[in-house]
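In what follows, a single structure is set out as C-alpha cells and then discussed.
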Amino acid sequence: MKPRYRPLIVLGCVAVTAMPGCSYLFSRPPSPLTPQANFVPCSSSRWPVVGDAYWAVNAFGFTALASGVALSESERQSKAIGPSWDDGARQNDSVKSYWIVAGLAAAATIGIVQSARYGLQSARDCDDAQYNYFRGVGAAPPPQPPLPLPMPAPEPSQSAPAPPPIPE
C-alpha cells in the first residue's frame, strides 16, 4: 500500500536539496588583492542572508517532517501483523526512503546555513573595506613638498686676484 503523501515528500526533498544558497550566488566579498587606495567593488547587502535564513528554516522544518514521518511509519510497521511468510523487508524500504529524505534535507539545511554565514561575513568585510577607504586609512600617503631650488652660484668678485695660469 502506497501512502498518499509520499510524492509530496519526494517533491519537497528535491526542492530543498536543489536550491542553492542565495549568499553563495549574490554576495561578493572584497578582493584581498585590491589596494586600499582604490574603491573596493563588493556587496554589502544583507538581503541574500535573509533569503538563506528563510530557506534554512524551511529546510529544517522539512527535515523534522521527514524524520517524524519516518518514525511514525517505523512505529506503525513494527506493530503491524502480517502473514508469516512475509519478512517485512518491503515495508522497511519505505522507512529507509523516508530516512534518506530526512538526511538529504538535513544536509541541505547545513549547506544553506553555511551560505548565510558566508554572505554575512562577506557583507561585514565589504563594510570594513569601504569604511577604511572613505576614512582614508588605506589611502596613498600625501605627496611630498617640492624640493627647494638650489642656491645660485656666487658671482665672481672683481676684487679678488685671478689665479695664476697653470704651466704646461
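The values are calculated or read from the model by the stated rules, or taken from the named source; none is laboratory data. No experiment lies behind these values; they were computed from the predicted model shown. Cβ placement follows ideal geometry from the backbone for every residue including glycine, while neighbour counts extend to all protein chains displayed.
Per-structure values
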read-out	value
Which listed residue is within 30 Å of Ser72 (Cβ to Cβ), surrounded by 10 or more Cβ atoms within 10 Å (Cβ to Cβ) and either modelled with pLDDT under 85 or touching an Asp or Glu at 6+ places or on another chain (Cβ under 9 Å) (or both), from Ile112, Ile100	Ile112
Filter result for the condition that a residue is within 17 Å of the chain's Cα centre (by Cα), of a type outside the set (Ser, Thr, Tyr), part of a loop (DSSP other than H, G, I, E, B) and modelled with pLDDT of 80 or more, over Pro30, Pro20	Pro30
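Residues are listed down the side, and each one gets a yes or a no for (1) of a type in the set (Phe, Trp, Tyr); (2) buried (at least 17 other Cβ atoms within 10 Å of the Cβ); (3) modelled with pLDDT of 80 or more:
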| site | (1), (2), (3) |
| --- | --- |
| Ser72 | no, no, yes |
| Leu104 | no, yes, yes |
| Gly138 | no, no, no |
| Pro146 | no, no, yes |
| Pro163 | no, no, no |
